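Where a number appears in this text, it was derived from the coordinates with a stated rule and is not lab data. Only a predicted model underlies this, so the values are computations on that prediction, with no experimental measurement involved. Here the Cβ positions follow ideal geometry from the backbone for every residue, glycine too, while neighbour counts run over all protein chains shown.
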Amino acid sequence: MTTDALSDLLKTVRLTGAAFFDVVACAPWCAEQPTREQVLPKVLPGAEHLVSYHAITEGECYAYLIDGEPMRLRAGEIVVFTRGDAHVLSSAPGLRAQPVTQADFDAVTSGPLPFFRDVGSPGAPTVRMVCGFLACDARPFNPLLDALPPVIKATPPPEGQSSWLRDFIPLAVAETAAKRAGSEGVLAKLSELMFIEVVRRYIAALPEQQSGWLAGLRDPQVGKALSLLHGDPAKPWTIEELAHAVALSRSVLAERFTALVGMPPMHYLARWRMQVASGMLSAGHANIATIAAETGYGSEAAFSRAFKKVVGLPPSAWRTRAGRPVVLPPAANDGREGERDAALLGYID
C-alpha cells in the first residue's frame, strides 16, 4: 500500500493551526515576533515547534529575520517563518522595535479569537495583514523541518489560476470579520491548508540538483519508496523488496535515496517507525506491546531497545516525559552530514 508521504508526515507530527491575528498598521511602524517561549504555552500548550506566518491583505511592508536581509511584501503575498525564529515586520527596512514582553503578549491575546492589533502612528492604515501560528512535533523525527529554509516568501499565481494561496487571504479576512461560531476552528484549518500549499509550491520550485527530504518526494522512484514506507511502516521491508517495488536495482535505489534524503532507506524506516511510535505513546491509548506490533517489531523488548537507541529514552520515559527536552545521543544522528538546505531564504514566485 502506498500513501501520500507529505500528508502522512503532517498528520503524524500533528500539524495544528493556532492563534490568529488581525493586524492594521500606520507608517511609521515596527513590530517584533514574540519568542517561542512566550508564544507556545499561550497558543498551543505542549507543542514543540513553532511556525509563524503573515499574509498581507492591503498595502505593503518589510519582513526580516533579526540581522537578516529585509524582504518586501506586497498585498497578496505570504511570508512563512518555518522555525519560528525572531523576526521583524516594519514599514521600512532596518527598523527595530522593543522586544515583546510576556505581559504585552498576554494582553494582546487575552480576548477571543481572532486577536486584533493596531500598530504604529495614529491615522489611516497603510497596511493590513492576517498573521498566525502553527505548531507541530519536532521529535524524535520530523524530516520536513530540516528540509525547509527558515523563511519562505510565497506569491500567489496570476489571476485566473485557482490556488489555496490566492483563496486563503479573502477567506481569512471574511472569517475574521464575521466572527461567527466556529471561527477559531475554521481559521486554524485555513492556516494548515495555507502552509501545505506553501510547502507544495516550494517543492515544485526546487532546482533539479537540490537534495533533501522534499527533493526526495519529488523524485519518481524515491518518492514512491517514501510513500511505500509511510504506507506500511510495520512491514518487514528489505532494500531488495523496496527496490523491486519502485523498479530500480538495489544499489541504484540505495544510492539515489541516500543522496536525496540523506540516509539509507532502512535507516529512514527505523527513524520513521520511532516517530509513529512516539505519537502513539504520547496519545496514551495503546500499550507498548501493541505499539511494537504496529511499528514492525516482533517483541516488546526489541521495540524498546530500538526506541531507546534512536530516541535516547525508553518508551515508558517518553510517555511520561511531560514535554521535557530530549537530547538525542550520537546514535540518533540522522546522518545528513551537510545535506541541510544551503539557502537561508526560499522564494516562490
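Some points to look at:
- Of P125, Y297, V186, farthest towards positive along the dipole that unit charges on Lys, Arg, Asp, Glu beta carbons give the chain: Y297
- Size descriptors for segment 1-52, from the alpha-carbon set: Rg then Dmax equal 15.9, 56 Å.
- Rounded, prolate or oblate (a/c below 1.5 giving rounded, otherwise prolate when a/b exceeds b/c) for segment 1-159 by Cα gyration tensor: prolate
- Partners for K42 among aspartates and glutamates (Cα-Cα distance below 14 Å; same-chain residues under 8 apart left out): D104, D106
- In degrees, nearest ten, helix 220-231 long axis to first principal axis of the chain (Cα): 80
- Counting beta carbons within 10 Å around each of M194, M71 and listing the fewest first gives the order M71, M194.
- FRET efficiency estimate (nearest 0.05) - Cβ-Cβ, A302 to S282, R0 22 angstrom: 0.60
- Within segment 5-207: Cβ-based charge dipole about Cα centre, in debye rounded to nearest 20 (Lys, Arg +1; Asp, Glu -1): 220
- The angle between the Cα long axis of helix 250-261 and the main principal axis of the chain comes to about 20°, on a 0 to 90 degree scale.
- Qualifying GluC sites (Glu not before Pro) in segment 127-188, DSSP loop, other Cβ atoms within 10 Å at most 10: E159
- The calculated FRET efficiency for the pair R250 and E294, based on their C-beta separation and a Förster distance of 22 Å, comes to about 0.20.
- Estimated FRET transfer efficiency (R321, R117; beta-carbon r; R0 25 Å; 0.05): 0.10
- Ranked from largest, the principal axis spans of the Cα set of segment 214-323 equal 41, 27, 21 Å.
- Computed from Cα atoms, the angle from the helix 183-205 axis to the main principal axis of the chain rounds to 70 degrees.
- Relative contact order for the chain, counting Cα pairs under 8 Å that sit 6 or more residues apart, in percent: 21
- 24 Å Cα-Cα threshold exceeded, pairs from K11/K235; K189/K235; K189/K309; K224/K308; K224/K309; K153/K224: K189/K235; K189/K309; K224/K308; K224/K309; K153/K224
- Largest-first principal axis extents, alpha carbons of the chain, Å: 67, 43, 38
- With a cut-off of 15 Å on the backbone N, the residues of segment 1-42 near the modelled label site 7 Å out from D104 along Cα-Cβ are 29-39.
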